[in-house]
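Trainee: Supplied in structure tokens, the structure appears directly below.
The values are calculated or read from the model by the stated rules, or taken from the named source; none is laboratory data. Here the structure is a predicted model, which means the values were calculated and not measured. Cβ coordinates were reconstructed from backbone atoms using ideal geometry, including for glycine residues, and neighbour counts include every protein chain displayed.
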Amino acid sequence: MFEEDQTENYSPLERLRHSSAHVMADAVQTLFPGTKLAIGPAIETGFYYDMDVPRTLTQEDLEKIEAVMQQIVDRNEPFVREEVSKADAVELFKKRGEDYKLEIIAAIPGDTVTLFKHGNFVDLCRGPHVEATGKIAAFKLLSVAGAYWRGDEKNKMLQRIYGTAFPEKQQLEAYLTQLREAEARDHRKLGKELDLFSMMEDEGPGLILWHPKGARVRGTIEDFWRAEHRREGYELVYTPHMAKLDLWKTSGHVDFYKENMFSPMEVEGQDYEIKPMNCPFHIRIYNSRMHSYRELPVRLGELGTVYRFERSGVLHGLLRVRGFTQDDAHIFCRPDQLQLEVEQVLKMTMRFLGTFGFKEFELFLSTRPEKSVGSDENWELATKALRGALEAQGLAFKVDPGEGVFYGPKIDLKIKDTIGRMWQCSTVQVDFNNPERFNIHYVAEDGSRQRPIMVHRALMGSLERFFGILIEHFAGAFPIWLAPVQAIFLPITDQQNDYVAGLVTALKEKGIRAEADYRKEKIGHKIREAQLAKIPHMVVVGGKEQAAGQVSLRSRREGDKGVMSFDDYLKYLQAEIETRM
């Protein structure tokens, strides 16, 4: 795991998990002689190790591996660091048949490498580790999956074992409880059960089919998005799905982003590229005429569908796809406007996400990476503006050194869902590169031509991913303003069908998503099915209600609300939708 370690940045928890990966590898080699080790770093949720195992591992094997790991932990074997010459390391790993370690050694600069040992186990590793295996108090192996060596499908498929570890057993139990809850909320499972979307597994992996109910939710999100952006002074635009490859050469995507782009297609002897980003088109719109300093900022927004090449092994439901609609916006502003624009974006982001029930956030200020473009002066100006915007809003944030994009610093925002998981959604990125590449200007107060600053900005990230997060956040039980079916009417007998049909029509005319269940089933059965479908309002109508012009309301959230006139119900329903509860 030598090439994966960032030893100077390892926290105590990462040390623990890094050490757990070693103990797991030791246990696997004990149980399955001939196993060859590749890499196995600590990750955000635990650790993994990629291994070339003589046979395919099963879930039952993980339990056996855990038992051997516990024996190694009980022996409390110290982790010992040793620096050796590369020649000695090559000789050692040749004897052990560790082909992947030999490949890693060959790529390491210098004449020496470091090893870490515990008991009879030895690994090529920079560390760091806990003092001894006995410090690993609480661990659990979670799953096994396939992983190509070095992430390249041309290489051999290895087996990746995922695990996690914590300093205390209570922390582990809390995490495992969260995992069980996450499994119950899995958007892929709920998406199928609630008939929201499906995935084109055979005809187009990573491409999503939005079913009518899912499309209703998406339409509601889009309507809200558009209304918020118009309120904030954005002009909404539409752009093509492809352009000549030359556009992506000008933008720098061919140089910096080629591995994430699909292969060009030929049209009348010219190479065209399906778009991975919306930004070059927005620049072209800005540059279609000259702007005065008085017109800035220019804010352009688009729900623009883009296409990016993701390897099949990383595709995951709605969360990692090849075609998605990005809630994209680009702001063209003067340098003196930058901080205020970022402040407004942050306010808008908090309000927007808060409407969907997200109240806890983590913010990160990412600074200049090693490989970047632009002057020191521009980077300093942009970073100062981003920091100033965060501080002006009184927002707590962490600095993520060197994690900005190549063209500018950025702010990333993570949201916490109902079960405590953090999700990356929103981003604000400053760009000096594209305004220069596309040679865009504005006329300054003194008549000179000046180059604007460009801000890339997304609130949701993508509609697909955000929808997947929402499904899991609400466990499919969307608040009434988002629900694909807001109210379902349940006639007790056929004699109420015509009355119910009139009520449903009246609600639909008000823009309310109402349906009726006219099946000849018992009312209890209809209610149970409506509850399983997670419909917010179940409106029961029998002979008495029909005669009195009333309905009997059962709320998913509050239970039986009693009998009321239809007019009163309509007011109650509209008020609940308007408050976005």
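Trainee: Which ranges mark the helices (runs of 4 or more DSSP H) fully within the stretch 496-581 that have 1 or more residues being of a type in the set (S, T, N, Q) and over 29 Å from Glu193 (Cα atoms)?
Mentor: Here the list reads 543-548.
Trainee: Go through the stretch 402-450 and give me each residue that's closer than 17 Å to Phe364 by Cα and among the acidic types (Asp, Glu).
Mentor: Correct list: Glu403, Asp412.
Trainee: With the condition being over 19 Å from Lys156 (Cα atoms), modelled with pLDDT under 95 and not β-branched (Val, Ile, Thr), I'd like the helices (runs of 4 or more DSSP H) fully within the stretch 26-119 carrying at least 2 qualifying residues.
Mentor: Ranges flagged: 59-75, 86-95.
Trainee: Hey, among Gln546, Gln531, which residue is in contact with a helix residue (DSSP H, G or I) (Cβ under 7 Å, 6 or more places away or on another chain), on the phi < 0 side of the Ramachandran plot and of a type in the set (S, T, N, Q)?
Mentor: Of the residues listed, the single one that is in contact with a helix residue (DSSP H, G or I) (Cβ under 7 Å, 6 or more places away or on another chain), on the phi < 0 side of the Ramachandran plot and of a type in the set (S, T, N, Q) is Gln546.
Trainee: Take the stretch 120-135 and flag every residue that is assigned to a strand (DSSP E or B) and touching a residue at least 40 places away in the same chain (Cβ under 8 Å).
Mentor: Those that are assigned to a strand (DSSP E or B) and touching a residue at least 40 places away in the same chain (Cβ under 8 Å): Phe121, Asp123, Leu124, Ala132.
Trainee: Test each condition in (1) over 23 Å from Gly219 (Cβ atoms); (2) aliphatic (A, V, I, L, M); (3) surrounded by fewer than 16 Cβ atoms within 10 Å (Cβ to Cβ) for Leu236 and report the one that comes out false.
Mentor: Every listed condition holds for Leu236 apart from (1).
Trainee: If you take the residues in the stretch 274-300 that are in a strand (DSSP E or B) and out of contact with any helix residue (DSSP H, G or I) (no Cβ under 9 Å at 6 or more places or on another chain), which one is surrounded by the most Cβ atoms within 10 Å (Cβ to Cβ)?
Mentor: Once the filter is applied, the top-ranked residue is Ile274.
Trainee: For the stretch 377-412, which positions are basic (Lys, Arg), exposed (fewer than 15 other Cβ atoms within 10 Å of the Cβ) and over 23 Å from the mean Cα position of the chain (by Cα)?
Mentor: Lys384
Trainee: Right, something else. Is it true that some residue in the stretch 301-319 is among the acidic types (Asp, Glu), over 22 Å from Arg231 (Cα atoms) and surrounded by 20 or more Cβ atoms within 10 Å (Cβ to Cβ)?
Mentor: No, the conditions are met nowhere in the stretch 301-319.
Trainee: Filter the stretch 297-341 down to the residues that are more than 19 Å from Leu459 (Cα to Cα) and of a type in the set (Ser, Thr, Tyr) and list them by number.
Mentor: Matches in the stretch 297-341: Ser312 only.
Trainee: Give me a count of the residues in the stretch 413-458 that are of a type in the set (A, V, I, L, M), under 29 Å from Thr305 (Cβ atoms) and surrounded by fewer than 22 Cβ atoms within 10 Å (Cβ to Cβ).
Mentor: 3
Trainee: Which of the following residues is outside any strand (DSSP E or B) and either at pLDDT 95 or above or buried (at least 18 other Cβ atoms within 10 Å of the Cβ) (or both): Gly206, Gly163?
Mentor: Going through Gly206, Gly163 in turn, just one is outside any strand (DSSP E or B) and either at pLDDT 95 or above or buried (at least 18 other Cβ atoms within 10 Å of the Cβ) (or both): Gly206.
Trainee: So which residues in the stretch 197-208 are of a type outside the set (D, E, K, R) and more than 19 Å from the chain's Cα centre (by Cα), if there are any at all?
Mentor: Met200, Gly204, listed by residue number.
Trainee: List pairs: first residue in the stretch 239-252 and among the aromatic types (Phe, Trp, Tyr), second residue outside any loop (DSSP other than H, G, I, E, B) anywhere in the structure, Cβ distance under 8 angstrom, at least six positions apart or on different chains.
Mentor: Once the first residue is among the aromatic types (Phe, Trp, Tyr) and sits in the stretch 239-252, its partners that are outside any loop (DSSP other than H, G, I, E, B) give Trp248/Val254; Trp248/Glu273; Trp248/Pro280.
Trainee: Which one of these does Lys544 not meet: (1) farther than 27 Å from Glu183 by Cα; (2) surrounded by fewer than 19 Cβ atoms within 10 Å (Cβ to Cβ); (3) touching a Leu at 6+ places or on another chain (Cβ under 7 Å)?
Mentor: All conditions are met except number (3).
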